Structures are given as structure tokens and as C-alpha cells.
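The values are calculated or read from the model by the stated rules, or taken from the named source; none is laboratory data. Just so it is clear, the structure is predicted and the values come from calculations on it, not from any experiment. No Cβ is skipped: glycine too gets one built from the backbone with ideal geometry, and neighbour counts run over all protein chains shown. Calculation scope for accessible area: heavy atoms of the full protein, side chains included, ligands and nucleic acids excluded. Shrake-Rupley method; radii C 1.70, N 1.55, O 1.52, S 1.80 Å.
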Amino acid sequence: MNSLTSLDLPMASLPMASLPMASLPMASLPMNSLTIAWVALPLFAGFVIYLMPRIDRGLALGVALASAAYSMLLFFQPAPLTFGLLDRFGVTLLLDPLSGFFIFTNALVTAAVILYCWETGKSAFFYAQMTILHGSVNAAFACADFISLYVALEVISIAAFLLIAYPRSDRSIWVGLRYLFVSNTAMLFYLMGAVLVYQTNHSFAYSGLSRAPLEAIALIFLGLLVKGGVFVAGLWLPLTHSESESPVSALLSGVVVKAGIYPLMRCALLLPEIDPMVRVFGVGTALLGVAYAVFEKDTKRLLAFSTVSQLGFVLAAPEVGGFYALTHGLVKSSLFLTVGNLPSRSFKELQQMPIRRSLWIALAIASFSISGFPLLSGFGAKVLTMKSLLPWQVVGMNLAALGTAIAFAKFIFLPHCQFPPESQSRSLKPGFWAAMLVLLGGLVLANAVYYEAYTVENVVKPLLIIGIAWIAHKLIFQQANVKLPRAAEKFEHLIGGMSLMLILVFWMVFAWVAN
Amino acid sequence: MLEAFVFATILCGFFGIVYKQNLVMKIISMDVMSTGVVAYYVLIASRDGLKTPILSEGLDGASVAYADPVPQAVILTAIVIGFSIQALMLVGVMKLARENPTLETREIEKGNTP
């Protein structure tokens, strides 16, 4: 983390005038210092947990709450907070309400996962890694230059690997190794792109991307698409997210993939010529993910494929993606935590044994939100995204919304009863309900962000979509017995797919961005 | 010319990751690829000059063609990160080697995918 070594520099002496973004209004100095302290806090706390294992959970929770408080400050900033450390080639930070949404998601999901794990006897090592992961994800949401982003993404890879491999079983190690391998190879391509940006601008800031050679855009895009689990490049994601332990899956799906998505959105907002590419990938991944999800017979794999698809909604309309990312993070982590407590992972077996009603209610609330049902903030987010689509995106995204509702009808129509037979009823820990309170409560309260969505026209459309989806579910997909091949998820195909993806991105860049 | 060699190194590493069967060979291929990327940074840093960018007495900065220190400093970070990731991977491979002594990727994958 040598990008943070400039902490003790007096802020006033920084050569602000040489920054590429110097034209933007400068924020006050206390806010700058606060930001740096906030970025450093989780990394510092992570190491303190190693030294003082006894206060592990409290400290980790405190860090998450501090992030939540900080993100609230961002929503009330009059102007985007932007400043750089060192010279023009140094670390650049950019914080505005968009990053506020992502940071808030990160804070809530981390807090919920810590509460969920409170009584499970996880070692201090687990909490230390989780805190470091939280900090590096925060750093990825705060920075505005390619090298800080690189460092943040690589620290995320390492911390996520250690969390995935926490059970130390052969399978978990292989899944983690596969993740680390794929993301590290992608980041090597990304590094090549980053140096090309530097060569033209003598700075690594995002804003230099438009003047950089076209190859730079293609290489950086490839790295971020793989890291963010988008489209074909994201096929590593289903196995990784479904084979990890539930709390780790919740973290990975809820926030970690968004560290790859956020820079894509940020670039699309800064540079209008890149915007269509990001939107195309949004529609593509939304349809690809949902096509797999509707035929999936395994609960956790369905959730993982739905993550691939939901990221598409975030990318499809970058200017409003922050709110969607927040609702998706809350929904997906609550779903992963709930599904981890079901007696089986297979839908076929779950049809035979009724699940506990209280669990079903949690599951249904989250499923309704992700399908876009009114009263939950998934509705507002979907309305806002649909409103900001370009005309050519509308059909694809509505199809994806329909597919999502079909996929989650599988959860809503699971049989349930008040007192299931003794054999399946593992007692639920109080930590589980605390986590649900944070996530689902957040989901209800987040309605306030976009309450203008509640008009008759807006309410009728999702109800119609959900209605059609349930009919389709009953008539077709409940009986359908299609097994999609998993060959594309093999390790060598993932790496090979990366080269195909590179060709595709190159073609897109040369065809669209060049003119 | 040098640039072509650098790209050849990167491609060799990339194809090694795809075509080598053994997990350790794959990791070494990845190292070859990252060596190529490091060399590319060094190459770009030396576009404007080759001298070490350290100011010393009797030399004034304007007349000497210095190498650009920024890409070199940045790639130092990347080397350290790459090194730690490889160390982590090799520890994982050691653990896997107990059950799969041949370390054939396909065998490991078959045994560990549902």
C-alpha cells in the first residue's frame, strides 16, 4: 500500500494547480483529511485485529459503521470532493454521491455479514481479512487514477482469496486459486493499458483516457470487465460465488464485484465516447446472466448468475447506476445469507420439504424487491434505470427484468410451513436476524431516495411483468428440464475466453470510439 | 524492435497459461507474462532518456536525458504485488499437491467442481 505513504504531507503544500481536475471546485481541507483518515482506517484496523484478536468483531463492525457515516457526509456535499496527493502522477481521489452509494452499500453489507458471523466462532484472521477487504473496496470507490485502482483491485483479490479459502478444504482452495489466477491475468492486461494512458498524458488519472491510444481503452476495459464479472468475461463468477461459504458469497456478490463495475461507470460518465460501450456490455450481461438463471436448478448458482445479470442493470444506465448498485448489494447479500440456512441447495429437494415460514418471509421480501415489486426499493431503482435507458436498450432490459422475475419466482413459490419437521430445522442464530434487519430494513428505507417513482403508470408495469413471469414460471419453467452446459466455466476456457473478449473489445473500440 | 520482443514475451506467457497442463507451469507462465509487462513499463520509461533519474552534483537536470522515474516507481509496486500473489498461489498449490500429486489442472478441476 505504498500509495498511502503520503499521509503525513501537509495538505496545503500540495501542488494543486498541476492537477488535471483543478478546474473543479476544491473541497475544504478538513474534509480532505477526513477522507484520507477514512481510507486508511480499515487497513489500519485490519492489522490491529491481528495484534488484538480479542476485539476483532467489535473493531470490524466499528470500521463498517464509520464508512456508513462517511458516505452520509458525501450525500450532503455541495460539490464533488476531488483532490490529489503528490504531483499530477500521484494518487487522485474523487468522491461524489455516486461513490457515496457504493461506499454505503459496502458499509451495510460488511456490517450485516459481521453480525451474521458474530456467533459462528470465526477466527480473528477472518475478521482481519474482511476489514482489509472492506478497506480496499472503499479505496477502489474513492480513487480516480488507474494505478491506485490497480493496487486496490489486487488487494481485493488477495483478501477475497483468503476469505474463499478460509475453510482450507481442497475445493475451497481450488476455487480461490482459480479466482486469483483469472483476476491476476486480467490485471496484467489492465497494467499494459495503464502505462499507455501514462505515456500520452504523463498522468494516470481517469480523465486522460480520452486522449490515450485506443489500445489503452481496450486493455483497461478487458481488465475491468473480467474483474467486475461482466458478460462472457464474467463466467468465472458463478462457481466462485456459489462454492464459497454463505457470508463470503454475500460479500463477494454484494460489493466486491462492484469494485470492477464502478470504474467502468466512472469512465463512462467522464468520457461520453465510452458510454455506448458500457451500455452495450450492460445489456449483454443482463441477458446472458438471466438466460442461465432461469434454467438453474441450484439455489446458490441461480443467485450467482443473477448477480451477473443485475450488474448489467447497473451498467446499462451509468448515470443512475449507484442507486441500483445499492439495492442490488442489499438484496443479493440477504438472499445469500438466507439461502445458506435452507436445508438443501437443490430446488427439487426443496420442493419436497417445506421450509420454515420465517425464513421464507425473508426470502420472499428479497425476491420481491429484486423482481421490482413496489414498496421495496428494488422497484424505485428499476424504474429509475428503465427511465434512463436509450431507446435501443429498452427491449433487452425489459426482457432481462422479466427473466429476473421468472428466476426469483422459484424462491417465492417454495413450500413453507410454521413448524417444519425437527430433522430440518436448524435453529437460526440471532445474528442472522440482526443481519436481515440491516439489509431488509435498508431496502425499505432506501425507498426514500427515489419516492417520485410511485405513480400509477410506474406501479402497473412491474406488476404486469411479475404477473407474466409467474404465469411463465408455472407453465414452462417449473417443468423445464434444460441443463445448460458448464464447459465455458472450465479454467482453461476462462483464460481463453479472455483472449476472445480482448478481440471483441478491440473491435468495439476501433469501430465506435475511433470515429 | 524491443517492443516486439516485449509483446512476444507477454504472448508466450499468456499461451503458456492456456496450454500448460501442470498447475506450477501455469503459475510460471503467469510470471513470464508479468515479466513482459514489467519490461514494457521499463521500456516506456526509457523513451526520453536512459540516465538514472538521480540528481547529483555537477549535473544539471536540463541537459541530461533522464529516464522517467514514474513508471519505474509504479511497476515496483506491481512487482511486489505480483510476487505476493505468486507466493500465495504456490502455498495453495502445496496444499492441493497432497491430494493431487501430479498437479494436472484437469484432474484437480474434475475432482473439485460439483
Subject >> Spatially proximal lysines relative to A:LYS490 (Cα-Cα < 23 Å; intrachain offsets below 8 disregarded) >> reply: A:LYS227, A:LYS297, A:LYS300, B:LYS20, B:LYS26, B:LYS95, B:LYS110
Subject >> Estimated dipole of the range A:27-513 in Debye, rounded to 20 [Cβ of Lys and Arg +1, of Asp and Glu -1, Cα centre] >> reply: 1080
Original post:
Could you give the nm distance between label points at A:LYS348 and A:LYS429, where each point is 7 Å from its Cα heading toward the beta carbon?
Top reply: 3.2
Subject >> Surface accessible to a 1.4 Å probe, B:ILE28 within the full protein complex, Å² >> reply: 90
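Compute the relative contact order of the range A:324-462 as a whole-number percentage, counting only Cα pairs closer than 8 Å that sit 6 or more residues apart in sequence.
Working: 140 pairs, mean separation 55.6, N = 139.
Relative contact order of the range A:324-462: 40 percent.
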Original post:
Where does the longest stretch of chain A lie that holds no trypsin sites (Lys or Arg not before Pro) found in a DSSP loop with 13 or fewer other Cβ atoms within 10 Å?
Top reply: A:212-425
Subject >> Estimated inter-spin distance, A:HIS493 and A:HIS202, nm [label 7 Å along Cα→Cβ] >> reply: 4.9
Original post:
So for the pair A:TYR454, B:LEU103, with labels modelled 7 Å out along Cα→Cβ, what separation do we get in nm?
Top reply: 6.1
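If you average the sequence gap of Cα pairs under 8 Å that are 6 or more apart and divide by the length of the range B:1-108, what percent do you get for the contact order?
27
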Subject >> Surface accessible to a 1.4 Å probe, per residue, for the residues of the protein assembly as shown, Å² >> reply: 38
Original post:
Roughly to the nearest percent, how much of the accessible area of the range A:408-480 is carbon and sulfur, given a 1.4 Å probe?
Top reply: 71
Original post:
Counting Lys and Arg as +1 and Asp and Glu as -1, what is the net charge of the other residues whose Cβ lies under 11 Å from the Cβ of A:VAL383?
Top reply: +1
Original post:
Given the C-alpha centroids of the range A:186-262 and the range A:82-111, what is the distance between them in whole angstrom?
Top reply: 17
Subject >> Average other protein chain Cβ within 10 Å of Cβ, residues B:78-91 >> reply: 4
**OP:** Before anything else, pin down the relative contact order of chain A: Cα pairs under 8 Å, at least 6 apart, normalised by residue count, whole percent.
**Re:** 15
Original post:
Tell me, what % of the accessible area of the range B:2-112 is carbon and sulfur with a 1.4 angstrom probe?
Top reply: 67
Original post:
Helix-derived [θ] at 222 nm for chain A: sum -39500 (n - 2.57) over DSSP H runs of at least 4, divide by residue count, nearest 500?
Top reply: -22000 deg cm²/dmol
**OP:** Report the antiparallel proportion of the DSSP beta bridges in the protein assembly as shown as a percent, rounded to a multiple of 5.
**Re:** 75
Original post:
By how many degrees, 0 to 90 and rounded to 10, does the Cα axis of helix A:430-445 deviate from the longest principal axis of chain A?
Top reply: 70
Original post:
For the charge dipole of the range B:2-112, defined by +1 on Lys and Arg C-beta atoms and -1 on Asp and Glu C-beta atoms about the Cα centroid, which residue among B:ALA73, B:VAL93, B:ALA8 has the Cα displaced farthest towards the positive pole?
Top reply: B:VAL93
